[in-house]
Amino acid sequence: LFRSTFGDTDMFVLMLPQGFVDGRLMRAEELCCRQLPKAEGATGLARAAVAALYDGASQMNDSDLGKALPIVAELILVALGNLTDAKSSASPVRSANLMRAKRIIRANCENPDLTLADVAEECGLSLRYLHDLFREDGRTLREYILYERLQRARRMLEVGSPLNTKVTEVCLASGFSNLSHFCTVFRRAFSVSPGEVLRGG
């Protein structure tokens, strides 16, 4: 949690673990850096809680701070849930299964031989059930695997150096086996080439 000022705008920034958010909101990855709108209702409560936590954190011991952070984070997700499709209608079991599947995909997306059946088997779920979970979440299982591979590639390119990092190496390390295909889907997703990201463009 930190405070930042841009011109006349005073902003609190609270970063939450992806797994914490994934289990509570649909398509949580699309909410990265979302700014909460006007301070009223749940949004106002979330804003006030973040400000109070920031002001009081220095006087709190680690134990109390550790207990307060998840509570404030839950308030933020309630506010964000009003802006998107919250998982309130999904059963806890289905939400947990989806979260586990996403975690398995993130951990294995660099494997170009990863198949949909592999994911289902590691989750201990049927492939049909897994397809249903991802359709409810707003994208297909195959689309989510591609999404994670592209995100992994972009992170590697952003921290890489043009002198020491090669696009081909990033392509292979992200689970793509064809450089041309990788460049095509990367540009389609981010409107910039992998080489441009690597060069900081």
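A few points about this structure:
- Heavy-atom surface of the range 53-201, accessible at 1.4 Å and reported per residue (Å²): 56 Å²
- The relative contact order of the range 52-201 comes to 19 percent, based on Cα pairs under 8 Å that sit 6 or more residues apart.
- Largest accessible area first, the residues Tyr54, Tyr129 order themselves as Tyr54, Tyr129 under a 1.4 Å probe with ligands, DNA and RNA left out.
- Rounded Å value of the spacing that divides the Cα centres of the range 146-199 and the range 114-140: 25 Å
The values are calculated or read from the model by the stated rules, or taken from the named source; none is laboratory data. Nothing here was measured: the structure is a model prediction, and the numbers come from that model. Side chains included, ligands, DNA and RNA excluded: accessible areas come from the protein's heavy atoms. Shrake-Rupley method; radii C 1.70, N 1.55, O 1.52, S 1.80 Å.
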